[in-house]
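Below is one structure, written out as structure tokens; the observations come after it.
The numbers here are math on the coordinates, done by the rules we state, and not lab data. All values reported here derive from a predicted model rather than from experimental measurement. Every residue, glycine as well, gets a Cβ built from its backbone with ideal geometry; the counts of neighbours run over all protein chains shown.
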Amino acid sequence: MAPAPGTDLGYTPPDGGWGWIVVLGAFISMGFSYAFSKAITVFYKEIQEFFGASYSEIAWISSLLLAVMYAGGPVSSILVNRYGSRPVVIFGGLLSGVGMILATFSTSLIQMYICVGVIAGFGFSMNLQPSVIVIGKYFLKKRPIANGLAMAGSPVILSTLAPLNQFLFDEYGWRGSFLILGATLLNCCVAGALFRPIGPKTLKSKKDKDKPIQDKDPEKENVSLEEPPREQKLAEKESCLTRFNKVLDLTLFKHRGFLIYLIGNVLMFLAFYAPIVFLAPYGKHLGVDEYSAAFLLSILAIVDMIARPATGMIANTKWIRPRVQYFFSFAITFNGFCHLMCPFATGYVGLVVYSVFFGLAFGMVCALLFETLMDLVGAKRFSSAVGLVTIVECVPLLLGPPIGGAIVDTFGDYKYMFFECGAIMVFAGLFLFVGNFYNYRMLRKEEAKSENLEQKDIEMKDGASLKNKDYDQVSSDEKAKNGNDLPPAKCEDVNGSGH
């Protein structure tokens, strides 16, 4: 069983108030960050025909976008630690919008990779990490619910963008659609403005604040006018690695639970996004019309929309929260079984059923993705943990969709791609289940060992104090027998001396 949730932030999160406005901002910024890479798949078939590209080549657009979005995690975490969530999200919204607008002028796939994949993807990384981090600063007891509501932004926006993108394509083509979408992404700047800073309150006396430094007592204020403070001297002596470790905690790689989480997620992300990237093209491959194929993403998003907050509420219950890591493992395994069943859907009705179950499983995984990480490392180290996780996960995210596309190109059929993704997801879920079981077992043993050592220390201290007490009692008895405990005046009467 996991340890009870706590806070190491130096203050008690309000668990409400302005925090719900922050959740709304995170709903928007995280929604666009996660949904956009899925929603633009509606354009892939037409872009593929326009540039004469293969399935694998066109899949690199989403792969680069997702990989850069996750690879930018450490940079985003460092910027958040330095400047706070608000300016970082505003900058990210501006950057992602500019990237999409520049993509309208692309004349080759390379330019598309740079504009959509690199520029817009890096902007999304500036939106994603601060939104996750700021929720952990505003919520503790209600954090799973808050995370679930914020993560619901992805399916809500996806359910809107998927049919909207098809409409925009019919009206303005993919270039005009990208221009409109770029302007829409600027709403992330508004979302970032809602992230009011929060932290431990430091109260300073106005009288001391207005007092000139030369009038302050150096001994009381610990200020010297001739030489820099001691802290500044120590900071100058710190190595580059020590300074870097302050903004991005590399000691997390010694954390057993973090390593288990990281390995399981690397396996999972090899197959996590490829089914979404190829869902609409798969529908068109089976002869489904364009709007119906795009509507499959909307169905997935609508179910996902319900699943995320529902999963957050379930995870917040007293039965599930101590075992949230097992719940996360189940969600990943369930996701894999959905992909294994997808090739048996040979018509539109079967694809709708698959989209419903896929949306449920996908929503469960996304709602628990960051909650389980914070449960392992704590709120104080969460910012660094997110940065380290995302930069490692960018590799499987980069390779996953192109590998799926290469499988489709090789066999000329989508079912083998779904089989591959399903098998990897099931294996990742089982690995996390076994790994978490081992981690919890070791934690219990370490806790019991620590309690035994504390008990032995207490017993040794009690034994030592008892021996001292007995020794004092024996000494006082001996003194009484020898008359050594008599007052000095009486001693003088006995032997005529004060000695």
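At a glance:
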quantity	calculated
Sorted peptide list for 125-135, 440-450, 186-196, criterion being average Cβ within 10 angstrom, highest first	125-135, 186-196, 440-450
Phi to ³J(HN,Hα) by Karplus 6.51 cos²θ - 1.76 cosθ + 1.60 over the range 315-331, Hz, x for Gly, Pro	5, 8, 6, 5, 7, 8, 4, x, 10, 5, 5, 5, 4, 5, 4, 4, 4
Gained length - residue 306 relative to residue 410, 0.36 nm times residue gap less alpha-carbon distance	33.8 nm
Length-normalised contact order for the range 97-208 - Cα pairs under 8 Å, 6+ apart - percent	42 percent
3J(HN,Hα) from dihedral phi, the range 151-168, Karplus parametrisation 6.51/-1.76/1.60, rounded to Hz, x for glycine, proline	5, 5, x, 4, x, 5, 5, 5, 5, 8, 5, 4, x, 5, 4, 5, 5, 4
Entries of 38/141; 254/461; 254/449 with Cα pairs more than 23 Å apart	38/141; 254/461
